[in-house]
1. Looking only at the range 142-191, how many residues end up being over 20 Å from residue 17 (Cα atoms) and in a helix (DSSP H, G or I)?
2. Would you check which residues across the range 76-101 are closer than 12 Å to residue 4 by Cα, assigned to a helix (DSSP H, G or I) and of a type outside the set (Ser, Thr, Tyr) and list them?
3. State whether one or more residues within the range 128-141 are in contact with an Asp or Glu (Cβ under 9 Å, 6 or more places away or on another chain), modelled with pLDDT under 90 and either within 23 Å of residue 57 (Cβ to Cβ) or buried (at least 20 other Cβ atoms within 10 Å of the Cβ) (or both).
4. Can you tell me which of 182, 189 is surrounded by fewer than 16 Cβ atoms within 10 Å (Cβ to Cβ), of a type outside the set (A, V, I, L, M, F, W, C) and over 19 Å from the mean Cα position of the chain (by Cα)?
5. Output the residues belonging to the range 158-178 that are of a type in the set (D, E, K, R) and within 13 Å of the chain's Cα centre (by Cα).
6. Which of the following residues is among the basic types (Lys, Arg) and either on the phi > 0 side of the Ramachandran plot or without any contact (Cβ under 8 Å) to a residue 60 or more places away in the chain (or both): 187, 201, 178?
7. Please find, within the range 192-207, the residue that is surrounded by the fewest Cβ atoms within 10 Å (Cβ to Cβ) out of those that are within 21 Å of the chain's Cα centre (by Cα) and assigned to a helix (DSSP H, G or I).
8. Name the residues in the range 20-50 that are surrounded by 12 or more Cβ atoms within 10 Å (Cβ to Cβ), modelled with pLDDT of 75 or more and not aromatic (Phe, Trp, Tyr), would you?
Amino acid sequence: MQNIDQLIYIYAAHALFWGAFGVALTIRRRLNRAVLATPASGNAAPVAQPGEVTAPYSRAALVVHICAFALMYLGINATLASGSPGNYFRAQGVVGALLIAYGAALAVWAVLHFASWRFRAKLGEGHQLATGGPFRFIRNPIYLGLNFLALGTAVWLPSLLLWIACLLMFAGSDIRARAEEGVLKLRFGAEYMTYQARTRRFIPGIY
């Protein structure tokens, strides 16, 4: 019975994460349509050069993330089915839930400030460089939000599968971030390099 409750709680936390992300995307798309319907202002975000470009090996990088998600959700069910999730400390469920909530807040904040978000590392004509909101501090807040989702899950229900999924999520985020940064550098040139010099990939002031 306790494991069933745990399953309900952790999936509820994940549902709230994805629900908030979906709502933020919907709001962002509506804002984009509103912006397209009004004249451009002098304070508009930098726009990429004409032409579409996709990061090399972007599909392969995406596969790493897909595997991480598959392993994470397999790990949740397998850990609770085994009846023996790890017990590190008393409040690990609370800490795990807070980490997931932080990841959701970060991802939502990022999406609301990212007018040109795409699932793959592809830039089209009119792609805007995001430098506001959380992008002022780190270059890849959406991927960091996914990392917190995986980390919170592993802390909540510690198991070998979930810690492997967490590490795989970190690796996928780093690979995709590097691929996208290369494309952004190609399209935005010195403007992106200046932005890159004053921010870090995931951890302000460190990495």
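The values are calculated or read from the model by the stated rules, or taken from the named source; none is laboratory data. As the structure is a computational prediction, the values presented were derived from the model and not from experiment. Using ideal geometry, Cβ is built from the backbone for each residue, glycine included, and neighbour counts are taken over all protein chains shown.
1. Going residue by residue through the range 142-191, those that are over 20 Å from residue 17 (Cα atoms) are 159-161, 164, 171, 174-191.
Narrowing the set further to residues that are in a helix (DSSP H, G or I) leaves 160-161, 164, 171, 174-188, 190-191.
Residues flagged as over 20 Å from residue 17 (Cα atoms) and in a helix (DSSP H, G or I) within the range 142-191 amount to 21.
2. 76, 77, 80, 81
3. As a first pass, look at the range 128-141 and keep what is in contact with an Asp or Glu (Cβ under 9 Å, 6 or more places away or on another chain): 129, 139-140.
Now drop any that are not modelled with pLDDT under 90, which leaves 129.
If we keep only those that are either within 23 Å of residue 57 (Cβ to Cβ) or buried (at least 20 other Cβ atoms within 10 Å of the Cβ) (or both) as well, we get 129.
There is at least one residue in the range 128-141 that is in contact with an Asp or Glu (Cβ under 9 Å, 6 or more places away or on another chain), modelled with pLDDT under 90 and either within 23 Å of residue 57 (Cβ to Cβ) or buried (at least 20 other Cβ atoms within 10 Å of the Cβ) (or both).
4. Working: 182 fails: over 19 Å from the mean Cα position of the chain (by Cα).
189 is the lone residue from the list that is surrounded by fewer than 16 Cβ atoms within 10 Å (Cβ to Cβ), of a type outside the set (A, V, I, L, M, F, W, C) and over 19 Å from the mean Cα position of the chain (by Cα).
5. Step one: filter the range 158-178 for residues of a type in the set (D, E, K, R), giving 174, 176, 178.
174, 176, listed by residue number.
6. Working: 187 fails: either on the phi > 0 side of the Ramachandran plot or without any contact (Cβ under 8 Å) to a residue 60 or more places away in the chain (or both); 201 fails: either on the phi > 0 side of the Ramachandran plot or without any contact (Cβ under 8 Å) to a residue 60 or more places away in the chain (or both).
Within the list 187, 201, 178, the selection yields 178.
7. In the first step, residues of the range 192-207 are kept if they are within 21 Å of the chain's Cα centre (by Cα); the result is 192, 195-196, 198-207.
Within this subset, residues satisfying the condition of being assigned to a helix (DSSP H, G or I) are 192, 195-196, 198.
Details: 192: 20, 195: 19, 196: 15, 198: 9.
Ranking the candidates gives 198 first.
8. From the range 20-50, those surrounded by 12 or more Cβ atoms within 10 Å (Cβ to Cβ) are 20-25, 27-29, 31-32, 35, 45-49; that's our starting set.
Still in the running and modelled with pLDDT of 75 or more: 20-25, 27-29, 31-32.
Passing the criteria: 20, 22, 23, 24, 25, 27, 28, 29, 31, 32.
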